[in-house]
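The values are calculated or read from the model by the stated rules, or taken from the named source; none is laboratory data. Small disclaimer: the values here were computed from a predicted structure and weren't measured. Because the Cβ atoms are built from the backbone with ideal geometry, glycine has one as well, and the counts that use them run over all protein chains shown. Protein only, heavy atoms only, side chains kept; ligands, DNA and RNA dropped before computing areas. Shrake-Rupley method; radii C 1.70, N 1.55, O 1.52, S 1.80 Å.
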Amino acid sequence: VAPFGIECLGAAELDLPEPEETGVTFVDNAELKARAAADFTGLPALSDDSGLSVDALHGEPGIHSARWAEDESGQRDFGRAMEKVEAALEAAGPDAGRDAHFTCVLSLAWPDGELESFEGKVFGHLVWPPRGANGFGYDPVFVPHGHEQTFGEMEPSAKHAMSHRAKAFEQLVQWLAT
């Protein structure tokens, strides 16, 4: 967004409280966080919500993707989260598919209540065991359609060029341009 003369400050820089994500969709949670930041600061605010949805698991972990990685103390371990997804797929039986997608929703909120949201998705399938040390989260088990490498094996620039976040940001930039 820098070409539009927009300077971004992070939530930590502004000491923003983190709102509880009580929505039932990625859009709900992204909008909730953007509205909370805009209300708190009196400035326009951009927020996102994202996660992995697995078709055979009825869209889980979905909006709970980060929570699937949390232990009892709230620490996140995505190795554990990937194992949990794999165990759920195994429990679903041998005919359960491995199709999945990542979703990212960006929401831009103004203090006056105006709100715009942009959604990006990237589709693929899951592999086991995890492959690659690049990326984060579920990247080592996700292979995007048309590719053989997981996001965890890809160079970051290759992943970022096609990711769900890139697609959401493309929409945001197009909207800003108009």
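The figures follow:
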| quantity | calculated |
| --- | --- |
| The lone exception for ASP55 - which of (1) open to solvent by 70 Å² or more (accessible area, probe 1.4 Å); (2) over 20 Å from LYS121 (Cα atoms); (3) not β-branched (Val, Ile, Thr) it fails | (2) |
| The range 1-28, subset touching a strand residue (DSSP E or B) at 6+ places or on another chain (Cβ under 9 Å), touching a residue at least 40 places away in the same chain (Cβ under 8 Å) and assigned to a helix (DSSP H, G or I), residue surrounded by the most Cβ atoms within 10 Å (Cβ to Cβ) | PHE26 |
| Cross-chain or 6+ apart pairs with Cβ under 8 Å, the range 89-105 first and closer than 17 Å to VAL127 by Cβ, then open to solvent by less than 30 Å² (accessible area, probe 1.4 Å) and β-branched (Val, Ile, Thr) | LEU89/VAL54; ARG98/VAL54; ARG98/VAL127; ASP99/VAL54; ALA100/VAL54; HIS101/VAL122; PHE102/VAL122 |
| Every residue from the range 114-162 that is in contact (Cβ under 8 Å) with a residue 60 or more places away in the chain and under 20 Å from LEU176 (Cα atoms) | LEU115, SER117, GLU119 |
| Residue tally, condition among the small types (Gly, Ala, Ser), more than 13 Å from the chain's Cα centre (by Cα) and within 16 Å of LYS121 (Cβ to Cβ), over the range 155-172 | 1 |
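Each row is one residue, and each column tells you yes or no for (1) charged (D, E, K, R); (2) at positive phi; (3) modelled with pLDDT under 95.
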| residue | (1), (2), (3) |
| --- | --- |
| LEU14 | no, no, yes |
| PRO19 | no, no, yes |
| VAL27 | no, no, no |
| LEU32 | no, no, no |
| ASP49 | yes, no, no |
| ALA56 | no, no, no |
| ARG67 | yes, no, yes |
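Rundown of residues vs (1) under 17 Å from the mean Cα position of the chain (by Cα); (2) acidic (Asp, Glu); (3) open to solvent by less than 60 Å² (accessible area, probe 1.4 Å), yes/no style:
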site: ILE63; (1), (2), (3): yes, no, yes
site: ASP95; (1), (2), (3): no, yes, no
site: ALA100; (1), (2), (3): yes, no, yes
site: GLU114; (1), (2), (3): no, yes, no
site: VAL127; (1), (2), (3): no, no, yes
site: GLY132; (1), (2), (3): no, no, yes
site: GLN174; (1), (2), (3): no, no, no
